[in-house]
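Reviewing the structure listed below.
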Number of protein chains: 4
Amino acid sequence: MEKAVILVQCPDQKGIVARISEFVFRYNGNIIQADQYTTDPENGQYFMRLSFCFDPDKVPPAHLEKEFDILARSMDATWRIHYDSVTMRMGILVSRQDHCLADLLYLWRSGELPVEIPCVISNHPDAREIVEQYGVPFYHVPVSRDSREAAEKRILDLTSESTDFLVLARYMQILTGGFLEGYGKDVINIHHSFLPSFKGANPYRQAYERGVKVIGATAHYVTVNLDEGPIIDQVVERVSHRYDVQRLMRKGKNLEKLALANAVQAHIEHRIIRYRNKTVVFD
Amino acid sequence: MEKAVILVQCPDQKGIVARISEFVFRYNGNIIQADQYTTDPENGQYFMRLSFCFDPDKVPPAHLEKEFDILARSMDATWRIHYDSVTMRMGILVSRQDHCLADLLYLWRSGELPVEIPCVISNHPDAREIVEQYGVPFYHVPVSRDSREAAEKRILDLTSESTDFLVLARYMQILTGGFLEGYGKDVINIHHSFLPSFKGANPYRQAYERGVKVIGATAHYVTVNLDEGPIIDQVVERVSHRYDVQRLMRKGKNLEKLALANAVQAHIEHRIIRYRNKTVVFD
Amino acid sequence: MEKAVILVQCPDQKGIVARISEFVFRYNGNIIQADQYTTDPENGQYFMRLSFCFDPDKVPPAHLEKEFDILARSMDATWRIHYDSVTMRMGILVSRQDHCLADLLYLWRSGELPVEIPCVISNHPDAREIVEQYGVPFYHVPVSRDSREAAEKRILDLTSESTDFLVLARYMQILTGGFLEGYGKDVINIHHSFLPSFKGANPYRQAYERGVKVIGATAHYVTVNLDEGPIIDQVVERVSHRYDVQRLMRKGKNLEKLALANAVQAHIEHRIIRYRNKTVVFD
Amino acid sequence: MEKAVILVQCPDQKGIVARISEFVFRYNGNIIQADQYTTDPENGQYFMRLSFCFDPDKVPPAHLEKEFDILARSMDATWRIHYDSVTMRMGILVSRQDHCLADLLYLWRSGELPVEIPCVISNHPDAREIVEQYGVPFYHVPVSRDSREAAEKRILDLTSESTDFLVLARYMQILTGGFLEGYGKDVINIHHSFLPSFKGANPYRQAYERGVKVIGATAHYVTVNLDEGPIIDQVVERVSHRYDVQRLMRKGKNLEKLALANAVQAHIEHRIIRYRNKTVVFD
């Protein structure tokens, strides 16, 4: 038996659930979980995540997909399918701060993040040791003002074939629109503030100056607009006037690790649908 | 158009979603939201909350229910239906502490809790003024060791016909198994601790003595086993050694109000299914 | 015995604690609690909150204050003293949304907010009933574009003598710099977002549009810069894509009530020192 | 200049702050931070944490301690002093689950936990690789019912001289009263539940069976009464009916890491005073 997840998005209309669940039933599949969400009962968008089992010997995936596409077209739906037997391949970019990197590598090795990690790329050499200890290839791709283009080309060469998505685990370089277009797949970033507060550089210093009583971290998909992409997860914690910038950063690291790990987990379990610069994250 | 919610529970089996959604489709209904949960992919229990619209002029509710019952039997399912046009009637029991009572009355008057409140009953006279200010009938039913039986009979007389469920908004008397059986409908309690910690009397003092660093409040359905019923919601907050019992109580009141309001809201929106001394609470 | 709180702020220097505590000791006072905070061990600002008892028959307050002032000058300190026997007088301004108002009135009547409430003022007549039920004078002061000046003058007349501080409990009019200067005492506002995110109008709609996964409320002192004043407290909670604007507002109301009540509590217990558009809030 | 922390506990009495701060002042020391807490204004216990700088060339530590002891005796106080120049030595015990161990090692290497780690001891060989990668000595000390006594003797040999405190980072063996007495210093444990709920084995399964809506982790000092020692920190998070035992465990691991790291941080910064099976944790 193969396990698969279908993500569907279409204009809300009568009979969607009936037709999709009947489809699975017809191919003798068994629905494990079906989550759905409609933006608005009247005239809204409909989102579905359907997790089901089927027998690929009796129903070849290619056939299933072809048939589902016919159904989807009749509902004006966009859709994607993911098979449990296919492991997602995650590329990681990182700069000097390695707490998120170390957390992802640990979760990966302990089996909690069932992905492949074909490469870790950094604009600094510092992380080489920790990465190679885990047996993961490390590439040092320095970036300066003049070398940005070449660096992005190098990163693209390293990742475009070998990875299914990228994670910026405190990568402090801005990826250009050209790179994002060239890569063409999802890129997840962790921003060390509670967005939309404190975009840009030094968010902990900004938070300190403003005197906030709660700090946060935000995992989001990267778009060309810096720190403006669809938010996947946010984690927050109380602080007090006693927190100077250093202590805010120390506490913030835990929030960053948590928000990023949550986001990656949801992404590889195909629980996220992007929609109008927002996300539907099925729990 | 009438809006209705069906809650279904049955052994997990192939085709449930297909059959139920096809049922709605057949009667020209429109699914607004469908939530489901299976305890365990193999051999588990299946739970569904289906919110849908239909035209009662074309499909009389009685007919709908009769037909659905046939379908339900074929799946070995238990089920309930609730119509949006029928307002739930909530009875409240309270003792001296009136913060949860005041919160419920305020939410009710501001339209956020769309229920009827046929009566508030207390073993103390203190709450009369606030209750009657809201135009709600107040009954003082004192309870002493000797009068418990008579008191419960009086409460039963006041509530068994006029209410659909009861809320113990800091009612400090224990309801007997006899009462619960006689009432036969749901009773929601707020316990002023993070259950299962600190059952019984004086939980804030117990929390203080144990030196916990987080306190909580728990809303749960009442069963004959005191503080052991199915948990609906829990709300918690950090405290420090600086909190004496008084201050724990003061902070705790906010948690109690929040947990109880959340639980009542979920209950009247028919988002809860009780199962094996636990709850499925659809969000 | 009288209980008092002294709040002190001065450049950090050797011997502050020794000198202040010696001062209390000399007048036979007893320190109940002493909290302090230094922004920065070298060259920083020092803040102290000292709660102590003394015998006003033996040490008249006027004498105590005169002597303390001499000490304070020698340390280049600003300071304030508050006596427990003097009850703070809180004026409330409100518009249509009355949840924060209702919460403050309830806390006041139940004895948890030991203040006097000389008046509630609103630019709408809606809240009159609830306010007068509590036996508090209600004033309807409508505000239109043309009447702003007159309205602010009227509010000033009602509050400048009778109150020690004002609370904007969802008062949706902007107070001018002229008013703030004329009033000259603290004004606390509740903003219905997690500042600095979503300043200005309709923060819940802004939060919905941005797709945040956590919402919040912020209590702060009012300054001429809208939503930019020193933050006193922030309360946050997780939300998901399932929350439409209405539901965000409903959940947000609880956060607003909590943040505002916390802020007022800290204010009347003289636990707050304002400093460079930030606050030191002793716990 | 040397930096030191003094922790003081004594019956509340007049003039404590004055006398202690005067003491520091007399030796030309500079108070960096002074935190205090009194259990109860009348007849309570007084706790103080005093962080200060002094010049050890002018005031030898031995002299300072001798003089302070005289002062302490006069107030019937117990006290301890810690010098910043002396690094705390932390021994770690672990079983199979290595997430807390990995977190502590990472924090240590990144400089956030300024301790020495003379040894990691485990009753299983599994953690050897990760520990030795960090350059820390690893000792495998198997424990069976018959070998407990020998094993505890071996652990005592390894730790009694070389460590200042022990951390049980998911060490699933019970340490006997004999061991604790023999070691005679602080032992910190992480329990994977929100104590006092779910003591003993399999707390996540217990939490699942009870159907709680919030889970937690508790860091506490170990005493002879299992899971009953003074609580240092607790971290909690919301869960829903969708969480099976596996997923509770996965989420719980983050809470365990956080609670334990917080507790160790507070311990090595000498911010904790134990008192009557509770803790005062200065922030």
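The values are calculated or read from the model by the stated rules, or taken from the named source; none is laboratory data. What you see is a predicted model, and the numbers here were worked out from it, not measured in a lab. Cβ sites come from the backbone with ideal geometry, for glycine too, and all protein chains shown count toward neighbours. Remember, those area values only see protein heavy atoms, side chains included, never the ligands or the DNA or RNA. Shrake-Rupley method; radii C 1.70, N 1.55, O 1.52, S 1.80 Å.
Looking at B:ALA261, is it in contact (Cβ under 8 Å) with a residue 60 or more places away in the chain, within 11 Å of another protein chain (Cβ to nearest Cβ) and in contact with a strand residue (DSSP E or B) (Cβ under 9 Å, 6 or more places away or on another chain)?
Against the criterion (in contact (Cβ under 8 Å) with a residue 60 or more places away in the chain, within 11 Å of another protein chain (Cβ to nearest Cβ) and in contact with a strand residue (DSSP E or B) (Cβ under 9 Å, 6 or more places away or on another chain)), B:ALA261 qualifies.
Residues checked against (1) touching a Ser or Thr at 6+ places or on another chain (Cβ under 6 Å); (2) over 21 Å from C:GLY29 (Cα atoms); (3) within 14 Å of another protein chain (Cβ to nearest Cβ):
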{"residue": "D:GLY44", "(1), (2), (3)": "yes, no, yes"}
{"residue": "D:PHE47", "(1), (2), (3)": "no, no, yes"}
{"residue": "D:PHE52", "(1), (2), (3)": "no, yes, yes"}
{"residue": "D:MET75", "(1), (2), (3)": "no, no, yes"}
Applying the selection to the range C:12-26, what residues are out of contact with any strand residue (DSSP E or B) (no Cβ under 7 Å at 6 or more places or on another chain) and part of a loop (DSSP other than H, G, I, E, B)? C:GLN13, C:GLY15
In the range B:169-176, is there at least one residue being in contact with a Leu (Cβ under 9 Å, 6 or more places away or on another chain), assigned to a loop (DSSP other than H, G, I, E, B), surrounded by fewer than 18 Cβ atoms within 10 Å (Cβ to Cβ) and within 14 Å of chain D (Cβ to nearest Cβ)? no
If we keep only residues of the range C:107-130 that are open to solvent by less than 20 Å² (accessible area, probe 1.4 Å) and within 18 Å of B:TRP108 (Cβ to Cβ), then the residue nearest to the other protein chains (Cβ to nearest Cβ) is C:ILE130
Tabulated pairs, the range B:1-26, first within 13 Å of chain A (Cβ to nearest Cβ) and over 16 Å from B:GLU65 (Cβ atoms), second among the small types (Gly, Ala, Ser) and in a helix (DSSP H, G or I), C-beta under 7 angstrom, 6+ apart or interchain: B:VAL17/A:SER21; B:ALA18/A:ALA18; B:ALA18/A:SER21; B:SER21/A:ALA18; B:SER21/A:SER21; B:GLU22/A:ALA18; B:PHE25/A:ALA18
Evaluate the following for A:ASP186: is it more than 14 Å from chain C (Cβ to nearest Cβ) and within 22 Å of C:GLU209 (Cα to Cα)? yes
Being among the aliphatic types (A, V, I, L, M) and under 23 Å from D:GLY44 (Cα atoms) is the filter; apply it to the range B:245-260 and report the residue that is most open to solvent (accessible area, probe 1.4 Å). B:MET249
Conditions (1) outside any loop (DSSP other than H, G, I, E, B); (2) at pLDDT below 90; (3) of a type in the set (S, T, N, Q) -> B:GLN9 fails only (2)
Scope the range D:27-42; condition at the interface with another protein chain (Cβ under 7 Å from one of its Cβ atoms) and either of a type outside the set (S, T, N, Q) or not in a strand (DSSP E or B) (or both); matching residues: D:ILE31, D:ILE32, D:ALA34, D:TYR37, D:PRO41
Selection within the range A:194-227 - polar (S, T, N, Q) and either touching a Leu at 6+ places or on another chain (Cβ under 7 Å) or more than 10 Å from chain C (Cβ to nearest Cβ) (or both): A:ASN202, A:THR218, A:THR223, A:ASN225
Give all pairs with beta carbons closer than 7 Å in which a residue from the range A:118-139 that is in a loop (DSSP other than H, G, I, E, B) meets a residue that is surrounded by 14 or more Cβ atoms within 10 Å (Cβ to Cβ) and among the basic types (Lys, Arg); count only pairs at least 6 apart in sequence or on separate chains. A:PRO118/A:ARG89; A:TYR134/A:ARG109
Confirm whether D:ARG242 is without any contact (Cβ under 8 Å) to a residue 12 or more places away in the chain, within 9 Å of chain B (Cβ to nearest Cβ) and either over 15 Å from B:SER197 (Cα atoms) or open to solvent by 30 Å² or more (accessible area, probe 1.4 Å) (or both). yes
Condition met for A:GLY91 (open to solvent by 20 Å² or more (accessible area, probe 1.4 Å), at pLDDT 95 or above and not in a loop (DSSP other than H, G, I, E, B)): no
Which condition number does B:ALA201 fail, the rest of (1) more than 25 Å from C:ARG109 (Cβ to Cβ); (2) within 21 Å of the chain's Cα centre (by Cα); (3) at pLDDT below 95 being met? (2)
Determine whether C:VAL86 is open to solvent by 40 Å² or more (accessible area, probe 1.4 Å), β-branched (Val, Ile, Thr) and at pLDDT 95 or above. yes
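Examine the range B:198-217 for a residue that is on the phi < 0 side of the Ramachandran plot, surrounded by fewer than 19 Cβ atoms within 10 Å (Cβ to Cβ), not aromatic (Phe, Trp, Tyr) and not in a helix (DSSP H, G or I), and state whether such a residue exists.
First, the residues of the range B:198-217 that are on the phi < 0 side of the Ramachandran plot: B:199, B:201, B:203-210, B:212-217.
Filter once more, keeping what is surrounded by fewer than 19 Cβ atoms within 10 Å (Cβ to Cβ): B:199, B:201, B:205-206, B:209-210.
Imposing the further condition that a residue be not aromatic (Phe, Trp, Tyr) reduces the set to B:199, B:201, B:205-206, B:209-210.
Checking the rest, the ones that are also not in a helix (DSSP H, G or I) come to B:199, B:201.
Among the residues of the range B:198-217, at least one is on the phi < 0 side of the Ramachandran plot, surrounded by fewer than 19 Cβ atoms within 10 Å (Cβ to Cβ), not aromatic (Phe, Trp, Tyr) and not in a helix (DSSP H, G or I), which makes the answer yes.
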Residue in the range D:264-283 that is most open to solvent (accessible area, probe 1.4 Å), counting only those that are at the interface with another protein chain (Cβ under 9 Å from one of its Cβ atoms) and of a type in the set (Lys, Arg): D:ARG276
Determine if the range A:111-126 includes at least one residue that is farther than 24 Å from A:LYS185 by Cβ and touching a Phe, Trp or Tyr at 6+ places or on another chain (Cβ under 9 Å). yes
Positions within the range B:11-44 being more than 25 Å from C:ARG242 (Cα to Cα) and either under 22 Å from the mean Cα position of the chain (by Cα) or of a type in the set (Lys, Arg) (or both), in sequence order: B:LYS14, B:ARG19, B:ARG26
Test: A:ALA151 is modelled with pLDDT of 95 or more and either touching a helix residue (DSSP H, G or I) at 6+ places or on another chain (Cβ under 9 Å) or away from every other protein chain (no Cβ under 14 Å) (or both): yes
If you check D:GLN133 against the conditions, is it closer than 30 Å to D:VAL212 by Cα, surrounded by fewer than 20 Cβ atoms within 10 Å (Cβ to Cβ), of a type in the set (S, T, N, Q) and out of contact with any Cys (no Cβ under 9 Å at 6 or more places or on another chain)? no
Looking only at the range A:97-106, decide whether some residue is over 30 Å from A:ASN277 (Cβ atoms) and assigned to a strand (DSSP E or B). no
I'd like the residue in the range B:28-59 that is within 13 Å of B:TYR275 (Cβ to Cβ) and open to solvent by 40 Å² or more (accessible area, probe 1.4 Å) and, out of all such residues, is modelled with the highest pLDDT. B:GLN45
Residue list for the range D:178-197, filter: under 27 Å from D:ALA150 (Cα atoms) and either among the aromatic types (Phe, Trp, Tyr) or open to solvent by less than 30 Å² (accessible area, probe 1.4 Å) (or both): D:PHE179, D:LEU180, D:TYR183, D:VAL187, D:ILE188, D:ASN189, D:ILE190, D:HIS191
Please work out which one of (1) hydrophobic (A, V, I, L, M, F, W, C); (2) over 26 Å from D:ARG26 (Cβ atoms); (3) open to solvent by less than 70 Å² (accessible area, probe 1.4 Å) is the condition C:ALA62 fails and give its number. (3)
